[in-house]
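Scroll down for the structure; my scribbles are underneath it.
The values are calculated or read from the model by the stated rules, or taken from the named source; none is laboratory data. Bear in mind that the values here come from a model prediction, so they are computed numbers and not experimental data. With ideal geometry, Cβ positions are generated from the backbone for all residues, glycine too; neighbour counts draw on all protein chains shown.
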Amino acid sequence: MLKIRALLFITLLVCSFGNLFAQETQADDSILLPRVLQQLGLKNEDINTQLYAEKVLPNAKTQAAVVVAKYHKNEPDGYGNFYSEYDVYVLIVNNTTGKILYKHFEEEALISDAIRLTSINVDTGIFTLNSETRAFGIEAHYSGSSQPNPHHHTDLSLFIKNNKSLKKVLNNFTIQKFGGEWDMKCVGEFEEVNSTIIIDNKNKSKNFNGLIVKDKITKTIGKVVNDECEEKKTVSIKTRKLKYNGMEYK
């Protein structure tokens, strides 16, 4: 029983700390946000400042990637929570002047309901798609509130510069998820999947490198044996490949 509870606690703790440190600049600390909102014709109350994300691009240090989540709908769901829909701006701005250089806008792009959207962060990993194109990522983190059925997951979208706009080339691809069901004491089953994206420059499509996705899948089963709670873990690896079809990776 203690091991199962420890598993849940550690998993949720890692998720929380990952969200905390990944979002380097928050809305309250941002000097860019007021300038960005002015250009978008928005006010602070139009957006969810807790979902604001901002990070300097390591390959273009005069520029920063910015994510703004504008309320499209925000209303009580009848169960003590809020149902929210967000229009999302993904931007690259001059990190001194705040001038918007590249923009992507998507209406009703993200939803927060029973599975709550807890945070957004910018991923500046080395997503080199070809010799001239490096993408950056936007991660959306979600978490459920049920203790008998714990759940959290992270979705990744990739963007590239395209003239004066940004183009989404990977759409809400789940790179981490954890879920399961238990009796709150011992008996239960859980599955955790952590995915790593590797650039495959040996297999190109439409002049873009392929993506290899390696999934580490950990299954945990808890059961009572001789009045003791025991758990059994099995780990497996699954490999997938994504190709660019001219519009996005599939």
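Pull up the range 86-111, narrow it to residues that are farther than 16 Å from Leu37 by Cα and buried (at least 18 other Cβ atoms within 10 Å of the Cβ), then point me to the one that is nearest to the chain's Cα centre (by Cα).
Among those that are farther than 16 Å from Leu37 by Cα and buried (at least 18 other Cβ atoms within 10 Å of the Cβ), it is Leu110.
Take the conditions within 30 Å of Ser131 (Cβ to Cβ), modelled with pLDDT of 95 or more, surrounded by fewer than 13 Cβ atoms within 10 Å (Cβ to Cβ) and more than 25 Å from the chain's Cα centre (by Cα) and apply them to Asn245. Does it pass?
On the way: within 30 Å of Ser131 (Cβ to Cβ): yes; modelled with pLDDT of 95 or more: yes; surrounded by fewer than 13 Cβ atoms within 10 Å (Cβ to Cβ): yes; more than 25 Å from the chain's Cα centre (by Cα): no.
Considered against the rule, which asks whether it is within 30 Å of Ser131 (Cβ to Cβ), modelled with pLDDT of 95 or more, surrounded by fewer than 13 Cβ atoms within 10 Å (Cβ to Cβ) and more than 25 Å from the chain's Cα centre (by Cα), Asn245 comes out as no.
With respect to Ala140, determine if the residue is small (Gly, Ala, Ser) and within 21 Å of Ile197 (Cβ to Cβ).
Working: small (Gly, Ala, Ser): yes; within 21 Å of Ile197 (Cβ to Cβ): yes.
Yes, satisfied.
List pairs: first residue in the range 136-153 and over 20 Å from Ala69 (Cα atoms), second residue among the charged types (D, E, K, R) and not in a strand (DSSP E or B) anywhere in the structure, Cβ distance under 8 angstrom, at least six positions apart or on different chains.
What qualifies is Pro148/Asp183.
Name the one entry in Ile217, Ile138, Ile198 that is touching a strand residue (DSSP E or B) at 6+ places or on another chain (Cβ under 9 Å), within 30 Å of Tyr83 (Cβ to Cβ) and of a type in the set (Val, Ile, Thr). Break it down stepwise before answering.
On the way: Ile217 fails: within 30 Å of Tyr83 (Cβ to Cβ); Ile198 fails: within 30 Å of Tyr83 (Cβ to Cβ).
Selected residue: Ile138, the only one of Ile217, Ile138, Ile198 that is touching a strand residue (DSSP E or B) at 6+ places or on another chain (Cβ under 9 Å), within 30 Å of Tyr83 (Cβ to Cβ) and of a type in the set (Val, Ile, Thr).
Residues to consider are Thr124, Thr118, Thr154, Thr174; find the one that is touching a Gly at 6+ places or on another chain (Cβ under 8 Å), hydroxyl-bearing (Ser, Thr, Tyr), modelled with pLDDT of 95 or more and assigned to a strand (DSSP E or B). Even if it seems obvious, please write down each step before you answer.
On the way: Thr118 fails: touching a Gly at 6+ places or on another chain (Cβ under 8 Å); Thr154 fails: touching a Gly at 6+ places or on another chain (Cβ under 8 Å); Thr174 fails: touching a Gly at 6+ places or on another chain (Cβ under 8 Å).
Selected residue: Thr124, the only one of Thr124, Thr118, Thr154, Thr174 that is touching a Gly at 6+ places or on another chain (Cβ under 8 Å), hydroxyl-bearing (Ser, Thr, Tyr), modelled with pLDDT of 95 or more and assigned to a strand (DSSP E or B).
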